[in-house]
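**Q** There's a structure below that I have some questions on.
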Amino acid sequence: MTLPTSEPLPPDDLPPARRRRQRRLLAPDTSDEQTAMLEQFVARLTPSVDFLVFSFICGLITGIAALANTPALFLLAALVAPFLSPVIGLSLASIIGSKNFFIRSLTTTLIGGLLVFIGGALGGLIALQYDIIPVQHAYLHAHFSWYDFVLLFLGAALTTFFVIRNGQNGRQTVTNIALAYELYLPLGVAGYGIMTTSKGLWPDGLLVFGVYLAGSALIGVIVLALTGLRPMINLGYTVGTTAVLIAMCALVAFSGVETARHFQVALPTQVPTLTPVPTLTSTPTNTKKPPTPTITQTPTPAPTHTPTMTYTPTPTPIKAWMSAEYGNGAFIRKTPGFTGDLIKSLVNGSQLEILPQATQVDGKIWLYVKSAEGFYGWVIESVLVTATAVPSETPTPAPSPSLTGEGQ
């Protein structure tokens, strides 16, 4: 007597090769069991209202972290972030080929991202109340990095794996922190940047989010495929291929721009202006103007000849040190003002040389400086402390010898 083909064969009746394959795969080997398991996954990956609430809280903490300019608050924002079940749902929708589930997961992901963006923008509104708007640590989350790619890969792969294998558990929550760190924090700093008009945050953070979202969906599809799940219809292959193309095109296009901006490749190089140094000049007392020389006679017994030499001291360089009250340093910018392009970030205690140029932008005084590494740019005066060096030797003109006719 044989069992119906719609029912799985007992383990003892399976061929040896099929038994080994079942032990390797995490997903069921029959269509009925796989369908039942996928239905459970769809129900489990459907978020609740808490997902939206904690997404907004995560964005608000991200904006405050950018204002405080401290990595600890950025980590807190990732800890508060909700479980990103819609992101895993995008991968699952690609596997099962459900267009409705894919659209629902994508819509929920974008709504949660919008709330993160709004929370970061509120942090930017708070930052506008201060004179100095720090962006050092926020800048790091709005740009691509190979370390971030590694963390994104681990977060997406392990979160998907634990969802498939064990369902809701503590390991899944831990790996979700890495996924939220790479997806939500760039959106939060993008909202912070659009309100503070800080270059390098908007729209850079939004582009990073888009590339990382496509990458995480692709990583999830690969993990699901390795566990034994395969796309059931052509839509699954189409969605997976589209995610690959979006991630690759956006990464190649944007990484080229960022490489040029970071390393100053294919961009005009700022040439520092040489300041002429005054030289010693001697002034003769007798001046002849050809072709009609003029001879002046004095009533003194003998002419007095007084050679003089004028000393022009070289300006003493003004040394300064970075001492920002908020954060741990500030940026050197190409042009004065908070909208100027960033050249280099300097931590508190970095030594600078203040050059003669100075200007006032938006009610703030900006000084033209040179860093110890040779970078030239503008820094706001309020983040610097200065100390003028005292010359070791001060030239003193020698007494002028004089020749007179008296007593000679």
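FYI, it's all coordinate maths here, none of it is from the lab. Bear in mind that the values here come from a model prediction, so they are computed numbers and not experimental data. Cβ placement follows ideal geometry from the backbone for every residue including glycine, while neighbour counts extend to all protein chains displayed.
**Q** Might you let me know whether region 60-78 holds any residue that is within 20 Å of A156 (Cβ to Cβ) and in contact with a Pro (Cβ under 8 Å, 6 or more places away or on another chain)?
**A** Within region 60-78, not a single residue is within 20 Å of A156 (Cβ to Cβ) and in contact with a Pro (Cβ under 8 Å, 6 or more places away or on another chain).
**Q** If you don't mind, there's one more thing I want to ask. Quick check on region 358-387: of everything there that is without any contact (Cβ under 8 Å) to a residue 24 or more places away in the chain and over 28 Å from M195 (Cα atoms), which residue is surrounded by the fewest Cβ atoms within 10 Å (Cβ to Cβ)?
**A** Among residues in region 358-387 that are without any contact (Cβ under 8 Å) to a residue 24 or more places away in the chain and over 28 Å from M195 (Cα atoms), the one surrounded by the fewest Cβ atoms within 10 Å (Cβ to Cβ) is G374.
**Q** Scan region 117-128 and report the pairs whose first residue is under 23 Å from A180 (Cα atoms) and whose second residue is surrounded by 24 or more Cβ atoms within 10 Å (Cβ to Cβ) and of a type in the set (S, T, Y), with Cβ atoms within less than 6 Å and a gap of 6+ or a chain change.
**A** Filtered contacts from region 117-128: G120/T62; G120/Y192; G123/Y192; G124/Y192; G124/T196.
**Q** Moving on to the next point. Cβ-Cβ under 8 Å, sequence separation 6+ or interchain: first residue in region 325-345 and on the phi > 0 side of the Ramachandran plot, partner in a strand (DSSP E or B) and hydroxyl-bearing (S, T, Y). Which pairs?
**A** G329/S345
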